[in-house]
Amino acid sequence: MPSQISLWLTEKAGAFSIGPTIIPTPARGEILVKIHAIGLNPVDWKLQELGLWIERYPIVLGHEVSGTVEAVGDGVSQFAKGDRVFHATTTGTDNRKAAFQQFVICPASIAIKIPDNISFDQAAALSVGVATAVVPLYTQPTIGVGYQAPWNGGRRKYRGRPIVILGGSSSVGQYVIQFARLSGFSPIITTASPHNKAHLKSLGATHVIDRNLPFSAISREISKVTAAHIKLVYDAVSHEDTQQGGYDLLAPGGHIVITLPSTIDADDDDDKQIIPVNGNFHIPENLALGTIVAQQLPKLLEDGEIVPNAVEVVPGGLNGIAPGLKKLKNNLVSAKKLVVHPWETA
């Protein structure tokens with residue numbers, strides 16, 4: 001049977017190793033994608049080093065790809081061989097659906113067609129950030145906050161409601177800013193390094209506050225922007241200080257979205273909700289939203305209403321993943337998405 005090259009993690013906190021794998025055959029409702037570009041995410045190095053959520057080894061990691069359809073399973077009519085697609089992959093018990101390899105299986109319902117104005121590298125920078133933005137914003141409690149999505153009557157609906165986005169220059173933060181703009185939130189206040197200010201304003205941020213300030217100073221700057229009650233904070237950083245600071249900003253009845261496990265010292269009488277992100281479209285509770293996003297996102301990209309992250313290609317194919325993840329771990333990447341090309345593996 002034909003084989004591919006995959007990047008394997010054989011033990012917790014171990015080193016990655018290249019090894020051959022059989023190219024899988026898509027089952028009913030699935031497509032096989034030949035991967036052109038793989039997006040790297042901070043969660044990837046945390047999975048490697050900490051073993052978060054991993055139950056058994058060896059395992060293939062990785063969470064987002066772009067490529068071309070190589071084969072379709074029974075019942076799939078919306079895709080044909082050669083179509084350009086991207087999607088969020090998943091890491092778990094089924095290594096066929098993980099990203100760090102040359103071919104990947106995807107449920108056809110959550111695969112997204114790449115419009116002509118988007119490259120493979122740009123597409124590989126989209127899916128995880130978009131999913132992590134839209135699931136908490138537009139899914140009903142307790143998974144999300146329950147706002148009406150822009151494609152479902154919610155476009156510009158939330159004018160006059162402020163949103164605070166901590167970590168606006170992160171991959172996720174950039175997409176939260178853009179969807180907040182589509183939903184009409186105003187003002188859109190974010191924290192970032194000053195050199196990213198112009199870019200984040202181009203995405204829709206109305207105010208950019210220096211992330212290097214103590215959180216007490218950030219809070220004062222926010223109060224200068226708006227006297228309205230803060231009912232929504234999205235913490236794309238989710239360090240202890242940003243989680244607690246963001247929580248303390250909230251008015252009663254407000255929500256804070258966090259991307260890492262909670263460290264918040266919450267008061268049961270505060271009437272504030274903490275929403276942990278689960279941006280995985282493969283799980284049953286998110287599948288319906290993932291299917292809608294797959295239908296809606298290509299037009300938003302084609303019209304320029306959602307703009308992909310800037311990308312930086314890490315050389316070396318799959319061998320470039322480990323040094324790329326090291327850069328992410330050491331906070332050496334700002335306002336960019338790292339991508340690798342698996343077919344460049346030596």
* So, in segment 120-146, of the ones that are hydroxyl-bearing (Ser, Thr, Tyr) and surrounded by fewer than 24 Cβ atoms within 10 Å (Cβ to Cβ), which residue ends up farthest from LYS337 (Cα to Cα)? -> THR142
* For segment 142-234, please list each of the helices (runs of 4 or more DSSP H) lying entirely inside it that holds at least 2 residues being of a type in the set (S, T, N, Q). => 171-183, 215-225
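Can you tell me which residue within segment 1-57, out of those that are acidic (Asp, Glu) and modelled with pLDDT under 95, is surrounded by the most Cβ atoms within 10 Å (Cβ to Cβ)?
From segment 1-57, those acidic (Asp, Glu) are 11, 30, 44, 49, 55; that's our starting set.
Restricting the remaining residues to those that are modelled with pLDDT under 95 gives 11, 44, 49, 55.
Working: GLU11: 10, ASP44: 24, GLU49: 13, GLU55: 8.
By that ranking, first place goes to ASP44.
Rundown of residues vs (1) assigned to a strand (DSSP E or B); (2) more than 21 Å from LEU318 (Cα to Cα); (3) among the β-branched types (Val, Ile, Thr), yes/no style:
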| position | (1), (2), (3) |
| --- | --- |
| THR21 | yes, no, yes |
| PRO24 | no, no, no |
| LEU32 | yes, no, no |
| ILE35 | yes, no, yes |
| THR68 | yes, no, yes |
| HIS87 | yes, no, no |
| SER109 | no, yes, no |
| ASP121 | no, no, no |
| ALA125 | no, no, no |
* Qualifying residues in segment 292-310 (those that are assigned to a helix (DSSP H, G or I) and polar (S, T, N, Q)) - the one surrounded by the most Cβ atoms within 10 Å (Cβ to Cβ) -> GLN296
* **Only listed residue being among the hydrophobic types (A, V, I, L, M, F, W, C) and farther than 17 Å from GLN296 by Cβ, chosen from PHE120, PHE86** => PHE120
* Asked: Can you name the residue in segment 177-188 that is within 20 Å of the chain's Cα centre (by Cα) and in contact (Cβ under 8 Å) with a residue 24 or more places away in the chain and, of all such residues, is surrounded by the fewest Cβ atoms within 10 Å (Cβ to Cβ)?
  -> LEU182
* On the given criteria, is VAL293 modelled with pLDDT of 95 or more and under 16 Å from VAL130 (Cα atoms)? -> yes
* To do: Within segment 324-331, identify whether any single residue is more than 30 Å from ALA198 (Cβ to Cβ), more than 15 Å from the chain's Cα centre (by Cα) and among the aliphatic types (A, V, I, L, M), and answer yes or no.
  => no
* With respect to LYS81, determine if the residue is in contact with a strand residue (DSSP E or B) (Cβ under 7 Å, 6 or more places away or on another chain), surrounded by fewer than 22 Cβ atoms within 10 Å (Cβ to Cβ) and free of Cβ contacts under 8 Å to residues at least 40 places away in the same chain. => yes
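The values are calculated or read from the model by the stated rules, or taken from the named source; none is laboratory data. Remember, it's a predicted structure, so these values are computed and weren't measured experimentally. Cβ sites come from the backbone with ideal geometry, for glycine too, and all protein chains shown count toward neighbours.
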